[in-house]
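The values are calculated or read from the model by the stated rules, or taken from the named source; none is laboratory data. Nothing here was measured: the structure is a model prediction, and the numbers come from that model. With ideal geometry, Cβ positions are generated from the backbone for all residues, glycine too; neighbour counts draw on all protein chains shown. Protein only, heavy atoms only, side chains kept; ligands, DNA and RNA dropped before computing areas. Shrake-Rupley method; radii C 1.70, N 1.55, O 1.52, S 1.80 Å.
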Amino acid sequence: MEFDVPGLVAGRRGQGYELTARYLNPQLPRMLHTIGFDRVYERAEGAYLWDRDGNRYADFLAGFGVFAAGRNHPVIRQALHDVLDAQLADLVQFDTPLLPGLLAEQLLAKADGMERVYFCNSGTEAVEASLKFARYATGRSRIIYCDHAFHGLTTGSLSVNGSAEFRRGFDPLLPDPSIALGDLDALERELRKGDVAALIVEPIQGKGVHLAPPGFLAAAGRLLHDHGALLICDEVQTGIGRTGKFFAYQHDEAEPDIVTVAKALSGGFVPVGATMAKNWIFEKVYSSMDRVLVHDSTFGSNALAMTAGLASLAVIEDEQLVANAEQTGKLLLDVLQGMVEEYDLLLEVRGRGLIVGLEFGKPRSLKLRTGWNMLQKARRGLFAQMVVVALFQKHRILTQVSGDFMDVIKLIPPLTISEEEVYLFRDAFTDVMNEAHKGSGLMWDFGRTLVKQAVTR
């Protein structure tokens, strides 16, 4: 028997939207049609995508950060071909395969203070493991999280998600409290109650691209440890080099007890997540042979995922992508921050390495304020969506709004980008901002269309 994947794809070419509408999430094709993102992509390489008409798009989204090494990296692809050809005895379950140990060894060498790894299949699974490990190791129940946090959408992760739009309708969740990012006084008040297992925090929040204040992670860690609680750093998006260090917590010289990673570790090919922790935490959770499988995942250490992780780390090291993220990210930030004084609608540019947030705000100009107020009255965040659509439609640059009801655009391109992509984005963004500041034209016409849809749905 033969199974012809190319033939199958060629025979059903262009039917993805129809099939998704019929069998999968019906709102996805509807949303993509509405904002004009309904392209059919047929090829990808590095920091670029090509649609079926041959048009090239610069990818400043990187699959929500999974393509740190760029799309379809040849080294990672070859490694996956090789491991398939090796016909390994995979997922035996009652054995200790080599590849997970090798990946753990290399990952831990980059993670200051971490000593053991649990492998799973995604970022939210890594977070779920961290919550369970923290509660069991401390014997306490409550996990503190930060306002606007995003840690995943499964039940435990959703319980420490600071965004109401994701939580709504899924109550009751775990009764965990939130604090403002950077608020040490609020953290201490919760810790005094004596039942806190851990604080989970993103060093840079993905929603809104909010950076933890300098020194906060280190100070929070000391405060938590003084009260017998743990610091969990969620590095699912910021880890593996994106911020210019291998892990974002290293900028702050923090000492976390647990660190979660995923996304970039996959190379963009095979889902993989990891929960790293100190040895004593693992010894508590896996305290006897009776508890050997007390937390486990059927597919967690499969050979393809481990190979993708090993190959991704090799590429990141060999191509010096962490240093590139630092240098190219600084250039991108410098270029964009220089525009804040020039454009009334651009409130702030912030970020670190190659995670950058562009926040828009109420303009001083009366003419612009009228259009801004129209959008805000209909639905907060429509101006940012208007900019995202203009970048895509006019300049073929793929970006995203950094969260619902937010006038923030997030840039998380592959760590492989160079000055060429920085200036490509600069020129496109300059053009879009110039048009936006006219207060009229096609861009604002589309904004009015968004307003009508926001009011009528």
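A few points about this structure:
- Test: residue in region 64-81 that is under 30 Å from I417 (Cα atoms), at pLDDT below 95 and out of contact with any helix residue (DSSP H, G or I) (no Cβ under 7 Å at 6 or more places or on another chain): no
Yes/no per residue for (1) of a type outside the set (F, W, Y); (2) touching a Lys or Arg at 6+ places or on another chain (Cβ under 7 Å); (3) farther than 24 Å from T260 by Cβ:
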position	(1), (2), (3)
A68	yes, yes, no
I76	yes, no, no
A86	yes, no, yes
F94	no, no, yes
G101	yes, no, no
Q106	yes, no, no
R116	yes, no, no
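- Selection of first residues in region 426-438 that are open to solvent by 70 Å² or more (accessible area, probe 1.4 Å) and of second residues that are at pLDDT 95 or above, restricted to Cβ pairs under 6 Å at least 6 apart or on distinct chains, gives the following pairs, ordered by first then second residue: R426/V335.
- Test result for G268, in a loop (DSSP other than H, G, I, E, B), touching a helix residue (DSSP H, G or I) at 6+ places or on another chain (Cβ under 9 Å) and either surrounded by fewer than 16 Cβ atoms within 10 Å (Cβ to Cβ) or modelled with pLDDT under 95 (or both): no
- Selected residue (only one of K263, K245 is touching a residue at least 12 places away in the same chain (Cβ under 8 Å), buried (at least 24 other Cβ atoms within 10 Å of the Cβ), out of contact with any Asp or Glu (no Cβ under 7 Å at 6 or more places or on another chain) and among the basic types (K, R)): K263
- Selected residue [at pLDDT 95 or above, crowded, with 22+ Cβ neighbours inside 10 Å and either touching a helix residue (DSSP H, G or I) at 6+ places or on another chain (Cβ under 9 Å) or in a helix (DSSP H, G or I) (or both)] from A305, A314: A305
- For region 25-49, residues that are of a type in the set (A, V, I, L, M, F, W, C) and either part of a helix (DSSP H, G or I) or open to solvent by 80 Å² or more (accessible area, probe 1.4 Å) (or both) total 4.
- Selection within region 271-285 - of a type outside the set (V, I, T) and either farther than 14 Å from L230 by Cβ or open to solvent by 50 Å² or more (accessible area, probe 1.4 Å) (or both): P271, G273, A274, W280, E283, K284
- Yes/no for E105 being surrounded by 20 or more Cβ atoms within 10 Å (Cβ to Cβ), at pLDDT 95 or above and either touching a Cys at 6+ places or on another chain (Cβ under 9 Å) or under 22 Å from A254 (Cα atoms) (or both): no
- Boolean, Y57 is open to solvent by 40 Å² or more (accessible area, probe 1.4 Å), outside any loop (DSSP other than H, G, I, E, B) and of a type outside the set (K, R): no
- Residue match in region 286-299 (condition: at pLDDT 95 or above and either in contact with a Ser or Thr (Cβ under 7 Å, 6 or more places away or on another chain) or crowded, with 24+ Cβ neighbours inside 10 Å (or both)): no
- For region 190-244, filtering for residues that are in a strand (DSSP E or B) and closer than 20 Å to L174 by Cα leaves 11.
- Residue identified as surrounded by fewer than 24 Cβ atoms within 10 Å (Cβ to Cβ), of a type in the set (F, W, Y) and at pLDDT 95 or above among F133, F94: F94
- Search result, residues across region 132-189 that are hydroxyl-bearing (S, T, Y) and more than 19 Å from S122 (Cβ to Cβ): Y136, T138, S141, S178
- Options E125, E115, E165; residue that is over 30 Å from Y48 (Cα atoms), among the acidic types (D, E) and either open to solvent by less than 60 Å² (accessible area, probe 1.4 Å) or in contact with a strand residue (DSSP E or B) (Cβ under 7 Å, 6 or more places away or on another chain) (or both): E165
- Residue match in region 153-161 (condition: open to solvent by less than 40 Å² (accessible area, probe 1.4 Å) and either closer than 30 Å to N324 by Cα or basic (K, R) (or both)): no
- Residues of region 132-185 that turn out to be among the hydrophobic types (A, V, I, L, M, F, W, C), part of a helix (DSSP H, G or I) and under 19 Å from the mean Cα position of the chain (by Cα), as a count: 3
- Qualifying strands (runs of 3 or more DSSP E) (wholly inside region 318-417; at least 1 residues being open to solvent by 50 Å² or more (accessible area, probe 1.4 Å), in contact (Cβ under 8 Å) with a residue 12 or more places away in the chain and in contact with a helix residue (DSSP H, G or I) (Cβ under 9 Å, 6 or more places away or on another chain)): 346-352
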